[in-house]
Structures are given as C-alpha cells and as structure tokens.
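Structure, as structure tokens:
The values are calculated or read from the model by the stated rules, or taken from the named source; none is laboratory data. Everything numeric in this text was worked out from a predicted model, so none of it was measured. No Cβ is skipped: glycine too gets one built from the backbone with ideal geometry, and neighbour counts run over all protein chains shown. When the accessible area is computed, the model is the full protein with side chains, heavy atoms only, and any ligands, DNA or RNA have been set aside. Shrake-Rupley method; radii C 1.70, N 1.55, O 1.52, S 1.80 Å.
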Amino acid sequence: QVQLVESGGGLVQPGGSLRLSCEASDGLSLDYFQIAWFRQAPGKEREGVSCIGSSDSTIFYADSVKGRFTISRDRAKPTVYLQMNNLKSEDTGVYYCAAEQFCSLSVPFGKDDWGQGTQVTVSS
C-alpha cells in the first residue's frame with residue numbers, strides 16, 4: 001500500500017502562486033499509479049481537483065481550476081506536482097493526494113487512509 005506525503009502549502013494573497021508536491025513516504029516510484037489531488041475547504045466536503053494518469057496521457061481538471069492549475073510528474077524524484085497560479089480565496093483548504101487504479105476526480109468511496117494533507121490559505 002502506497003503511503004503519500006503532501007507538502008508545499010502556505011499563505012498567499014489572491015492572484016499568487018504555490019506549487020504542491022506529492023511523494024511516497026518510502027521514496028518508491030509512483031510511475032505505476034494514477035495520482036489525484038483533492039481538497040477540502042472549511043465546513044465543506046472533500047472534492048476532486050486534478051488527476052494524472054500513469055502514462056501522463058490522461059489529465060483531468062475540475063472546472064473551477066481549469067486554466068489556473070497544472071498537474072505534472074517528475075519520474076526521477078519521484079514526485080507529482082500541482083502548480084497553482086492565479087489563486088482565489090475559494091481555493092483555500094487542505095489539499096490531499098491519492099494513488100488510484102483509475103484516473104478520476106471522484107472522491108474514493110470508503111477511503112480512510114488519507115494523509116495529513118497540506119494547508120493552502122488564500123487571503124488578502
């Protein structure tokens with residue numbers, strides 16, 4: 001079972017940028033997995049943000065972040081990144097990554113092994 005660690009969050013003003021990182025806690029490769037980013041805003045349910053396929057041929061973005069966020073994979077690190085540009089206040093929340101068999105923005109049913117996540121706060 002792959003254990004993932006998220007990092008890169010912080011406090012940023014509207015219009016600013018952050019780059020989040022997702023890597024395996026044991027340093028193993030993520031090449032054989034689809035990696036998805038999810039977020040949970042205060043008082044709201046978790047939602048899908050972006051997903052990248054194992055071959056990088058499949059990439060999905062939520063409509064709310066399309067054109068502003070970019071997901072990518074560095075197979076040498078190994079790390080999956082989420083570059084977030086032109087951040088808005090509604091992007092505030094805890095961001096999580098997950099390794100799945102299929103690339104999807106749907107929250108995995110019954111998943112109970114979420115990591116600590118990384119806090120993103122967009123405020124002026």
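Just to be sure before I move on: is ASP56 charged (D, E, K, R) and open to solvent by less than 60 Å² (accessible area, probe 1.4 Å) in the structure I sent? Before the answer, list the steps.
On the way: charged (D, E, K, R): yes; open to solvent by less than 60 Å² (accessible area, probe 1.4 Å): yes.
Judged against the criteria, ASP56 is a match.
List pairs: first in region 1-29 and within 27 Å of SER123 (Cα to Cα), second part of a strand (DSSP E or B) and among the basic types (Lys, Arg), Cβ under 9 Å, 6+ apart or cross-chain?
GLY8/ARG19
If we keep just the residues of region 69-85 that are open to solvent by 30 Å² or more (accessible area, probe 1.4 Å) and of a type in the set (S, T, N, Q), which is nearest to LEU20 (Cα to Cα)?
GLN83
Got a number for residues in region 61-119 being assigned to a loop (DSSP other than H, G, I, E, B), touching a helix residue (DSSP H, G or I) at 6+ places or on another chain (Cβ under 9 Å) and of a type outside the set (Lys, Arg)?
Of the residues in region 61-119, the ones assigned to a loop (DSSP other than H, G, I, E, B) are 62-68, 75-78, 85-88, 92, 101-117.
So of that shortlist, the ones also touching a helix residue (DSSP H, G or I) at 6+ places or on another chain (Cβ under 9 Å) come out as 64-65, 68.
From what's left, of a type outside the set (Lys, Arg): 64-65.
Number of matching residues: 2.
Just checking, which of ASP74, ASP56, ASP26 is modelled with pLDDT under 95, at positive phi and acidic (Asp, Glu)?
Being modelled with pLDDT under 95, at positive phi and acidic (Asp, Glu) holds for just one of ASP74, ASP56, ASP26, which is ASP56.
Look through LYS66, LYS111, LYS88, LYS44 and report the one residue that is of a type outside the set (S, T, N, Q) and either touching a residue at least 60 places away in the same chain (Cβ under 8 Å) or surrounded by 13 or more Cβ atoms within 10 Å (Cβ to Cβ) (or both).
Working: LYS66 fails: either touching a residue at least 60 places away in the same chain (Cβ under 8 Å) or surrounded by 13 or more Cβ atoms within 10 Å (Cβ to Cβ) (or both); LYS111 fails: either touching a residue at least 60 places away in the same chain (Cβ under 8 Å) or surrounded by 13 or more Cβ atoms within 10 Å (Cβ to Cβ) (or both); LYS44 fails: either touching a residue at least 60 places away in the same chain (Cβ under 8 Å) or surrounded by 13 or more Cβ atoms within 10 Å (Cβ to Cβ) (or both).
Going through LYS66, LYS111, LYS88, LYS44 in turn, just one is of a type outside the set (S, T, N, Q) and either touching a residue at least 60 places away in the same chain (Cβ under 8 Å) or surrounded by 13 or more Cβ atoms within 10 Å (Cβ to Cβ) (or both): LYS88.
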